[in-house]
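The values are calculated or read from the model by the stated rules, or taken from the named source; none is laboratory data. The model shown is predicted, which means the values in this text are computed figures rather than measured ones. Reconstructed Cβ throughout: ideal geometry from the backbone, glycine too, with neighbour counts over all protein chains shown. Ligands, DNA and RNA are excluded from the accessible area calculation, which covers all protein heavy atoms including side chains. Shrake-Rupley method; radii C 1.70, N 1.55, O 1.52, S 1.80 Å.
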Amino acid sequence: MTQGNTENVVNSYIRNSTGVVELNRPKALNSLNQEMIDLVQEALLSWIDDDAVEQVLIYSTSERAFCAGGDVRAVRDSVINGRGEEGEKYFIDEFVMNDTLGNFPKPIISVINGVVMGGGLGISMHGSHRVITEKAFASMPEMAIGYVPDVGFTYFAQRASTPAMATFLAVTGWRMSPADMLWAGVATHLISSADTGAFIEAVLEDSLDAALAAFATQPQQSSALAAVADQVEATFGHPSWELIDASLQSHPDSEFVSTVRELMAPAAPSSVVASVLLVNKNRDAVTLREGLDNELALSLHFISQPDFAEGVRAVLVDKDRNAAFQPATYEAVDESVYVSLLDRG
Ligand code: QUE
């Protein structure tokens, strides 16, 4: 147990009756690597049955980021250097941690200031309290790297919101504002970023209820996501990309349709087709673990495919944002591959 050590990528310690997890890899915007996942999981397991721990608090030492996602650069390196099993282990372990968070028998409070994407949502949204600041923004950006939405998002988001909205967020990578996060159920409370330190102190020294009573506030802006909810419900509530696309083609709100087309311009067609099937499959999942297993079936497939290495290259390695995905068109994607992967009983 350590506190304030700048060398460790995760610091965990108990203060009063709170188990604290401090994400501390600020130069990488806290993107989660294998070591961080191992440390978080180890801390959580040690606190489950420890009566001295009544709640868990997760926060970041970075003012820019809560957590920008998974360390997909490292996964890409493993895959292209013939160590694919390291990439597989990474996602298997990450999803176990997500499930531990989702089934944790005590309150888990995340304090989210700055960016939260992908794996960052996975480490926060399954907990009981997702406290954001006005500087928080969230997205599921996996379409751009030839991957699929994971960490339980395709299970969680359609229960917090609706299946159509979860599909929309997953395939467009829509950047959620604080108001959007609260409206969609990704966040539960809002505080001012100026009060982050005082809020954390109040949680640790007083109580969660007292901290929320003292600092929780309401968003200044309205939710742009709520403003397109009717259009999303009218077009994204279908079980395949082909049907959603047809619905978009005949939708009367051309401004909404162009927004969707623009957001999806960098998307890998295979990722989109698979993601719509995945969200639909997870409508029927009974537990988070079942949802994660469906995501894992696609995750382990996608990281072995050329689109993933190419997408991570284009977005995170060379940063040219000019990925050459194969196939490059939706018509050429073989949907049956993903149907089979999700249909393994
Ligand atoms: C899709 C992703 C990720 C992403 C961008 C995408 C992701 C991730 C990061 C990221 C961002 C900034 C960093 C960093 C990683 O970006 O998973 O180390 O400094 O971790 O389009 O899935």
Inset, instruction - Mind listing whichever residues of segment 95-124 are open to solvent by 30 Å² or more (accessible area, probe 1.4 Å) and either within 14 Å of the ligand (Cβ to nearest atom) or under 24 Å from D318 (Cα atoms) (or both)? - result: M117
Inset, instruction - May I ask you to say which residue of I80, I92, I37 is crowded, with 19+ Cβ neighbours inside 10 Å and either of a type in the set (D, E, K, R) or out of contact with any strand residue (DSSP E or B) (no Cβ under 8 Å at 6 or more places or on another chain) (or both)? - result: I37
Inset, instruction - State whether the residues of segment 141-159 include one that is touching a Ser or Thr at 6+ places or on another chain (Cβ under 7 Å) and among the polar types (S, T, N, Q). - result: no
Inset, instruction - Quickly run through segment 159-183 and pick out the residues that are crowded, with 23+ Cβ neighbours inside 10 Å and either touching a helix residue (DSSP H, G or I) at 6+ places or on another chain (Cβ under 8 Å) or modelled with pLDDT under 95 (or both). - result: M165, A166, T167, F168, L169, A170, V171, W174, M176, D180
Inset, instruction - Looking only at segment 1-30, count how many residues are part of a loop (DSSP other than H, G, I, E, B), more than 23 Å from V115 (Cβ to Cβ) and modelled with pLDDT of 95 or more. - result: 2
Legend entry - Residue satisfying all of: in segment 48-72; surrounded by fewer than 18 Cβ atoms within 10 Å (Cβ to Cβ) and modelled with pLDDT of 95 or more; nearest to the ligand (Cβ to nearest atom) among these: R64
Inset, instruction - Read through the list (1) open to solvent by less than 10 Å² (accessible area, probe 1.4 Å); (2) near the ligand (Cβ under 10 Å from one of its atoms), then give the number of the only condition that G127 fails. - result: (2)
Legend entry - Hits in segment 313-329 (condition: under 9 Å from A268 (Cα atoms) and in contact (Cβ under 8 Å) with a residue 60 or more places away in the chain): A323, F325, T329
Legend entry - Extreme residue, farthest from the chain's Cα centre (by Cα), among residues of segment 15-34 that are buried (at least 22 other Cβ atoms within 10 Å of the Cβ) and more than 11 Å from the ligand (Cβ to nearest atom): T18
Legend entry - Test: residue in segment 224-238 that is over 23 Å from K106 (Cβ atoms), in contact with a Leu (Cβ under 6 Å, 6 or more places away or on another chain) and within 16 Å of the ligand (Cβ to nearest atom): no
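So that you can scan it fast, the table gives a plain yes or no per residue for (1) part of a loop (DSSP other than H, G, I, E, B); (2) away from the ligand (no atom under 16 Å from the Cβ):
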{"residue": "G82", "(1), (2)": "yes, yes"}
{"residue": "G87", "(1), (2)": "no, no"}
{"residue": "Y90", "(1), (2)": "no, no"}
{"residue": "V151", "(1), (2)": "yes, no"}
{"residue": "T154", "(1), (2)": "no, no"}
{"residue": "R159", "(1), (2)": "no, yes"}
{"residue": "V186", "(1), (2)": "yes, yes"}
Legend entry - Tally of residues being open to solvent by less than 50 Å² (accessible area, probe 1.4 Å) and aliphatic (A, V, I, L, M) across segment 225-245: 6
Inset, instruction - Could you tell me whether A265 is within 15 Å of the ligand (Cβ to nearest atom) and either open to solvent by 10 Å² or more (accessible area, probe 1.4 Å) or assigned to a loop (DSSP other than H, G, I, E, B) (or both)? - result: yes
Inset, instruction - Read through the list (1) of a type outside the set (F, W, Y); (2) surrounded by 15 or more Cβ atoms within 10 Å (Cβ to Cβ); (3) away from the ligand (no atom under 16 Å from the Cβ); (4) assigned to a helix (DSSP H, G or I), then give the number of the only condition that L45 fails. - result: (2)
Legend entry - Hits in segment 165-184 (condition: in a helix (DSSP H, G or I) and away from the ligand (no atom under 16 Å from the Cβ)): M165, A166, T167, F168, P178, A179, D180, M181, L182, W183, A184
